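For reference, the structure discussed in these notes is given below.
No lab work stands behind these numbers, since they all come straight from the coordinates. Since we're looking at a predicted model, the values are computed, not measured. With ideal geometry, Cβ positions are generated from the backbone for all residues, glycine too; neighbour counts draw on all protein chains shown.
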Amino acid sequence: MQPIHATTILAVLHNGKVAIGGDGQATMGNTVAKSNVKKIRKLHEGKVIAGFAGSTADAFTLLDRFEEKLNSYGGNMKRAAIELAKDWRMDRYLRRLEAMLIAVNKEEVLVISGTGDVLEPDNQVAAIGSGAMYAQSAALALKKHAPHLSADEMVRESLNIAADICIYTNHNLVVESL
């Protein structure tokens, strides 16, 4: 799978709180198609929050499937993610989808990809999309050097830094917390 471009999604678990956020930019090639897309969704009665990078239609398909898995496995996010990743890799239709997900609950952060990966990131910071490395670097620095900040504040500041650097990331942020 090629790296997903044209957005930045970041999740931080810090001091018992989790926040996940994303920018609002949608692009078609090198043109901004929309500047206020909401790429963060609450799932499973608000107990799980997921963010997506990649094709919007593909991501919505995956979010629907992920929510079905959450319901099938009683809200067990890790089990639902693993089952989604298995289906995503094996199913002919799903295999063609071009998107990635980050899912969070109060205890964990997971990155789910179409290659069958379900990753629990080091330092409880995960990022996907074109500005991922900028946002992740900023979040890791904030966790280390500004631990008094909340997870929400770290996500907002890190996404703003990514938006200053990455041309596919804008400052129209949506951040959700648990």
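In the chain, Cα pairs under 8 Å separated by at least six residues give a relative contact order of 34 percent.
Taking the number of other C-beta atoms within 10 Å as the exposure measure, put His44, His171 in order starting with the fewest.
Numbers: His44 21, His171 13.
Listing His44, His171 from fewest to most nearby Cβ atoms yields His171, His44.
Among Ala138, Ala103, Ala33, the largest mean-square fluctuation in a Gaussian network model of the chain, built with springs joining Cα atoms closer than 10 Å, belongs to Ala33.
The charge dipole of the chain, taken about its Cα centre with unit charges on the Cβ of Lys, Arg, Asp and Glu (plus for the first two, minus for the last two), comes to roughly 180 debye.
A Förster radius of 30 Å combined with the Cβ-Cβ distance from Ala57 to Met133 puts the calculated FRET efficiency at roughly 0.70.
Under 15 Å of direct C-alpha separation, and excluding same-chain neighbours fewer than eight residues apart, Lys38 reaches these aspartates and glutamates: Asp23, Asp58, Glu176. Straight-line cross-link partners of Lys86 among the lysines, defined as a Cα under 17 Å from its Cα and at least 8 positions apart when in the same chain: Lys69, Lys78.
Run lengths n ≥ 4 of DSSP H only: what is the helix-derived mean residue ellipticity at 222 nm for the chain, with -39500 (n - 2.57) per run over all residues, to the nearest 500?
Values: 4 runs with 60 residues, N = 178.
Mean residue ellipticity, 222 nm, calculated: -11000 deg cm²/dmol.
Cα centroids of segment 77-155 and segment 37-72: 12 Å apart.
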